[in-house]
Amino acid sequence: MNKKQILLEQIAVDIIKNNICPDLAQEAKNLVMGDGNIDAEIILIGEAPGKKEDETGLPFVGAAGKFLNEMLAGADINRSDVFITNIVKYRPPNNRDPLPEEKAAFWPYLVRQLDVIQPQIVVTLGRHSMEYFLPNQKISLIHGQPKRIKFGDSKLVVVPLYHPAAALYNGGMRATLIDDFKKLPKIIEIIKNNK
Ligand code: URA
């Protein structure tokens, strides 16, 4: 294991050791930490694992994940080149929305993941992860628009997108999300050139 892998493993160990969200932990089959390239320039952050994710221990492997894969392919982005995670790392019962206290409890561990991976671009999927990077914003007004933020000692570009599960069966939102994904390669190129 390289240094980054060891540091990421330690985050999972600490979540268990610190007994984060014991009610969720008790019901969950797996802690879903994330998956993908730990040297990625771009990290996608969803809400919380669903049933399939809980069963497999991997993020975005159910219906929303299939749609996400299609959109990544449509934007010419390899899923294996990016890192994908969620703000909440255990499945909430019956896929209910994560509670504010659950998001708050997991937030420091997401920050640690970002500190290790050091992406330049954070793509938030849905408002639950967006609100931590871009507080007091409305996703309907800012989706698809890259925003530069200060994040600890570093800088990040945050691209807020709708959540694939919300857009899956909603015609208008679906078309918007597909369009927004297609903007990502250009955003990545601009950020690389402005480094
Ligand atoms: N929805 C999410 O927000 N995350 C997943 O991993 C799966 C579905």
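The values are calculated or read from the model by the stated rules, or taken from the named source; none is laboratory data. Everything numeric in this text was worked out from a predicted model, so none of it was measured. Note that each Cβ is placed from the backbone with ideal geometry, even for glycine, and that neighbours are counted across all protein chains shown.
Inspect the stretch 129-147 for any residue being farther than 18 Å from residue 81 by Cα, acidic (Asp, Glu) and in contact with a strand residue (DSSP E or B) (Cβ under 7 Å, 6 or more places away or on another chain) and give the result as yes or no.
No, because not a single residue in the stretch 129-147 is farther than 18 Å from residue 81 by Cα, acidic (Asp, Glu) and in contact with a strand residue (DSSP E or B) (Cβ under 7 Å, 6 or more places away or on another chain).
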- [ ] Inspect all residues belonging to the stretch 133-149 and state whether any of them is modelled with pLDDT of 95 or more and under 22 Å from residue 8 (Cα atoms).
- [x] yes
- [ ] Those residues that are closer than 20 Å to residue 110 by Cα, part of a helix (DSSP H, G or I) and not small (Gly, Ala, Ser), I need them from the stretch 120-163; list them, please.
- [x] 127, 128, 130, 131, 132, 133
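Of the residues that make up the stretch 13-30, is at least one surrounded by fewer than 18 Cβ atoms within 10 Å (Cβ to Cβ), under 13 Å from residue 109 (Cα atoms) and of a type in the set (Asp, Glu)? Give the steps one after another, and end with the answer.
Filtering the stretch 13-30 for residues surrounded by fewer than 18 Cβ atoms within 10 Å (Cβ to Cβ) gives 13-14, 16-19, 22-23, 25-27, 29-30.
Add one more test, that the residue is under 13 Å from residue 109 (Cα atoms), and what stays is 13-14, 16-19.
Now narrow it down to the ones that are of a type in the set (Asp, Glu): 14.
Yes, that holds for at least one residue.
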Task: Filter result (part of a helix (DSSP H, G or I), over 13 Å from the mean Cα position of the chain (by Cα) and within 15 Å of the ligand (Cβ to nearest atom)) within the stretch 80-110 - done: 93, 94, 95, 102
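Applying the selection to the stretch 151-176, what residues are out of contact with any strand residue (DSSP E or B) (no Cβ under 6 Å at 6 or more places or on another chain), within 16 Å of the ligand (Cβ to nearest atom) and not polar (S, T, N, Q)?
Looking only at the stretch 151-176, we keep the residues that are out of contact with any strand residue (DSSP E or B) (no Cβ under 6 Å at 6 or more places or on another chain), and these are 151-155, 162, 164-176.
Filter again for within 16 Å of the ligand (Cβ to nearest atom), leaving 162, 164-170, 173-174.
Within the stretch 151-176, 162, 164, 165, 166, 167, 168, 169, 173, 174 qualify.
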Open item on the list: Going through 129, 140 one at a time, which residue ends up being without any contact (Cβ under 8 Å) to a residue 24 or more places away in the chain and hydroxyl-bearing (Ser, Thr, Tyr)?
Closed with: 140
TODO: Determine, yes or no, whether residue 67 is assigned to a loop (DSSP other than H, G, I, E, B), aromatic (Phe, Trp, Tyr) and either within 16 Å of the ligand (Cβ to nearest atom) or over 26 Å from residue 121 (Cα atoms) (or both).
DONE: no
- [ ] Check whether at least one residue in the stretch 109-119 is surrounded by fewer than 17 Cβ atoms within 10 Å (Cβ to Cβ) and free of Cβ contacts under 8 Å to residues at least 40 places away in the same chain, and report yes or no.
- [x] yes
TODO: Being in contact with a helix residue (DSSP H, G or I) (Cβ under 8 Å, 6 or more places away or on another chain) and either at pLDDT below 95 or surrounded by fewer than 23 Cβ atoms within 10 Å (Cβ to Cβ) (or both) is the filter here, so list the residues in the stretch 31-41 that pass it.
DONE: 31, 33, 36, 37, 38, 39, 40, 41
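Looking at 57, 126, which is the one that is in contact with a His (Cβ under 7 Å, 6 or more places away or on another chain) and within 14 Å of the ligand (Cβ to nearest atom)?
So the residue among 57, 126 that is in contact with a His (Cβ under 7 Å, 6 or more places away or on another chain) and within 14 Å of the ligand (Cβ to nearest atom) is 126.
Here is a yes/no grid of residues against (1) surrounded by 15 or more Cβ atoms within 10 Å (Cβ to Cβ); (2) free of Cβ contacts under 8 Å to residues at least 12 places away in the same chain:
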| position | (1), (2) |
| --- | --- |
| 49 | yes, no |
| 57 | yes, no |
| 68 | yes, no |
| 73 | no, yes |
| 77 | yes, no |
| 88 | yes, no |
| 92 | yes, no |
| 97 | no, no |
| 100 | no, yes |
Open item on the list: Can you say whether residue 156 is farther than 19 Å from residue 70 by Cβ and buried (at least 17 other Cβ atoms within 10 Å of the Cβ), as far as the supplied structure shows?
Closed with: yes
- [ ] Please determine, by comparing only the residues of the stretch 27-54 that are β-branched (Val, Ile, Thr) and under 12 Å from the mean Cα position of the chain (by Cα), which one is farthest from the ligand (Cβ to nearest atom).
- [x] 42
